[in-house]
Structure formats: C-alpha cells, structure tokens
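Read through the structure below, which is laid out as structure tokens, and then see the notes.
What follows draws every value from the coordinates through simple rules; no lab data is involved. In this text, all values refer to a predicted model and were calculated from it rather than measured experimentally. Virtual Cβ from ideal backbone geometry, glycine too; neighbours counted across all protein chains shown.
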Amino acid sequence: PALERGAWVVCDRFTDATFAYQGGGRGIDPARIAQLECFVQQGLSPDLTLLLDMPIETARQRLEGRLRDLNTQRDRFEQEHAAFFSAVRDAYLARAQAVPQRFAVVDAAQPLEGVQAAIARVLEGRDEPEENGPIKDRPFQSNNPRMLQIRAVCDKVTHTDVPLLILG
C-alpha cells in the first residue's frame, strides 16, 4: 500500500541478503534463489540499495567491541567463521557490480560521521540532477520532505554490514 500511494519504503533486508547469506554463505544455487525472487516479488525491486561495506577483520573487531560494551554473546550468524563472512561479502559485492545503477557501496570502515555523510551524498544524488556537480563534492542540502525523512533514518545508522534498501 505504501508504494502504491508513492511513499518511500526503507528496509534493512531484501532479496540481496538471501543471495549473499544463503547463496554466497551457504552455497545455495543462485538460480534457485532467483526463481524464488521472481515468484515472490513479481518484479518488485529496490530503487536503491546502500551496501555498507568493510573488511571482514574490521567488522570482527567492531563486533567484539559491541559485544563487550553490551555484555552479550554472539548470535547464530555472528558465530560463523571468517570464510563464511568473506563469501557473504563477496556475494554482496558481486550483486553491486552486476547492478551498479541500483547499488551504492559505502565504505563503512570509516568513522561513523563519514559513513553518514557518504549516505547523505548518495541520497542527495538521487534527489537532484548531476548537473549540480559530482555527488561526492556536494553537502546534503535537500529540502525534499522525502529526502529529509530518509536523512533522519540515515543519521541513526551505525556501523554495520547490513544494506539499506529504498523503494519508491
């Protein structure tokens, strides 16, 4: 219903995660995942996927710090070995390379403020024509209410390997 009325929908997971975790990480044939995608989504696809990427070792270090800070244990996925996460990352990056017009790969190894600024530049680039100069050189200055809502969400983004998907 939200898409039908022209609203933007922000998701933290979509089929790309299935291709990455089940396809890349678990070795399920991508063709089978693609069949399921076609059947379930019937052509629905994100307009933009923000892939927050960082080296596996950096992600592991951040996870260890977060677990220590929260005094908690690893969940089922966090218990996987580095090879699993490397395969997941490779699958995500392959998806991004295959559909570059839909993906924006953001360097999530940089400090939080840098990640947030990079996301803002990507979003601004979707809102305003390229004739205003390269996206990477422009500050976020949109007055578009939709973009301001998305910016508010992105300002809350913390370091993670989870992609954000924007449909609308």
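Report the trypsin sites (Lys or Arg not before Pro) located in segment 47-96 that are in a DSSP loop and have at most 15 other Cβ atoms inside 10 Å of their Cβ, or state none. Display every interim value, and only then the final one.
Working: sites: ARG60, ARG62, ARG66, ARG68, ARG74, ARG76, ARG89, ARG95; in loops: ARG74, ARG76.
Answer by residue number: ARG74, ARG76.
Classify segment 1-59 as rounded, prolate or oblate, taking a ≥ b ≥ c as the square roots of the eigenvalues of its Cα gyration tensor: rounded when a/c is under 1.5, otherwise prolate if a/b is larger than b/c and oblate if not. Show your work: numbers first, answer last.
On the way: a/c = 3.63, a/b = 1.28, b/c = 2.84.
Taking the square roots of the gyration eigenvalues as a ≥ b ≥ c, segment 1-59 is oblate.
If you keep only loop residues by DSSP, which trypsin sites (Lys or Arg not before Pro) in segment 1-54 have at most 14 other Cβ atoms within 10 Å of their Cβ? Write down the numbers at each step before the final one.
Working: sites: ARG5, ARG13, ARG26, ARG32; in loops: ARG5, ARG13, ARG26.
Those satisfying the criteria are ARG5, ARG13, ARG26.
Among rounded, prolate and oblate, which fits segment 1-121 when a ≥ b ≥ c are the square roots of the eigenvalues of its C-alpha gyration tensor, a/c under 1.5 means rounded, and a/b larger than b/c means prolate?
Details: a/c = 1.79, a/b = 1.29, b/c = 1.40.
Because a/c hits 1.5 or more and a/b fails to exceed b/c, segment 1-121 counts as oblate.
Which shape class, rounded, prolate or oblate, goes with segment 65-130 when its Cα gyration tensor gives a ≥ b ≥ c as root eigenvalues, a/c under 1.5 marks rounded, and past that a/b bigger than b/c marks prolate?
On the way: a/c = 3.53, a/b = 1.52, b/c = 2.32.
Note, shape of segment 65-130 comes out oblate.
Just to confirm the filter: which chymotrypsin sites (Phe, Trp or Tyr not before Pro) across segment 55-86 are DSSP coil and have at most 13 other Cβ within 10 angstrom of their Cβ? Spell out each step's value before the answer.
Working: sites: PHE77, PHE84, PHE85; in loops: PHE77.
Within segment 55-86, the qualifying chymotrypsin sites (Phe, Trp or Tyr not before Pro) (loop, at most 13 other Cβ atoms within 10 Å) are PHE77.
Which value in nm describes the separation of the simple spin-label points at GLN73 and GLU4, placed 7 Å from the Cα toward the beta carbon?
For the pair GLN73/GLU4, the computed spacing is 4.5 nm.
Given H placed on each backbone N at 1.01 Å, which residues far from VAL105 in sequence or on other chains put an amide H within less than 5 Å of it?
It is LEU51, by chain and number.
With no solvent and one equal point scatterer placed on each C-alpha of segment 27-77, evaluate the Debye formula and give log10 I(q)/I(0) for q = 0.27, 0.28 Å⁻¹, two decimals.
Log-scaled intensity ratios, in q order: -1.01, -1.04.
Could you give the length gained on full extension between ASP90 and GLN41, defined as 0.36 nm per residue of separation minus the Cα-Cα distance, in nm? Present the calculation step by step, with values, prior to reporting the outcome.
On the way: separation 49, 0.36 × 49 = 17.64 nm, distance 2.38 nm.
Going from the current span to full extension adds 15.3 nm.
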